[in-house]
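Some notes on the structure that comes next.
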Amino acid sequence: MDQSNRFNSENFSIKQQYLTPFERKGLQKILEQEDLTKKYRQRIQIMLLADERKTQNQICQLLNCSRVTVRHWILVVKSGEAHNWNAFPLGRPKIVDDQYRERLKELMSHSPRAFGYSFRRWTAQWLSKHLAKELGIEVGVRHINRLLKEMGLSTRLKVVEVVDSTRNSYNSNQVVISDLSEALPPNHSL
């Protein structure tokens, strides 16, 4: 084999950077900010390490973060979008807003029958279905219950205390049976 036709691996492995010197300097400057959140700091560090040609595994070990996170931010830097490091919000998107909470509170203050349903009281499942139809936001039953709890509301029936007139005590879990003849005047038409 001719030496001139063969690729020399030393000459071919020029380290290509993904970031321009301006972008690199800008990201390094951002890292110096003290008020930068941990997650934003991690994003920038991943992109800078990827630009240094560190592997996904090396970055995961250095920063103690997930492979999914590293893979995502490597793709961002490779696609030339490093300047958008803060364009992606942190965490799960919040779909429940004040309007949703207010409507949930309003529904709880009315009977489901007022909205055309045949049942007497709301369940979290029906609240979820109704709000999804009305506002187009689908929220799980557990989250509905969590929201109700935050608002001091519940779909469960309240236990009503009953006064036992013969003993003058409060019983919340007992059925009171009293002599009806004492309570009602006699009806001679029966």
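General observations
- Residues of the stretch 107-138 that are under 16 Å from Thr155 (Cα atoms), touching a residue at least 24 places away in the same chain (Cβ under 8 Å) and surrounded by 14 or more Cβ atoms within 10 Å (Cβ to Cβ): Leu107, Met108, Trp122, Thr123, Ala124, Leu127, Leu131.
- Residues of the stretch 139-155 classified as more than 12 Å from Leu104 (Cα to Cα) and open to solvent by less than 50 Å² (accessible area, probe 1.4 Å), total: 1
- Criterion (open to solvent by 80 Å² or more (accessible area, probe 1.4 Å) and within 20 Å of Pro21 (Cα to Cα)) met by exactly one of Arg67, Arg53: Arg53
- Screening Tyr18 on (1) open to solvent by 80 Å² or more (accessible area, probe 1.4 Å); (2) modelled with pLDDT under 90; (3) over 26 Å from the mean Cα position of the chain (by Cα) shows it passes everything except condition (1).
- When Gln125 is tested against (1) assigned to a loop (DSSP other than H, G, I, E, B); (2) modelled with pLDDT of 90 or more, just one condition goes unmet, and that condition is (1).
The values are calculated or read from the model by the stated rules, or taken from the named source; none is laboratory data. Computed from a predicted structure; not experimentally measured. FYI the Cβ positions are ideal-geometry reconstructions off the backbone, even for glycines, and counts take in every protein chain you see. The area values use the complete protein model at the heavy-atom level, side chains included, leaving out ligands, DNA and RNA. Shrake-Rupley method; radii C 1.70, N 1.55, O 1.52, S 1.80 Å.
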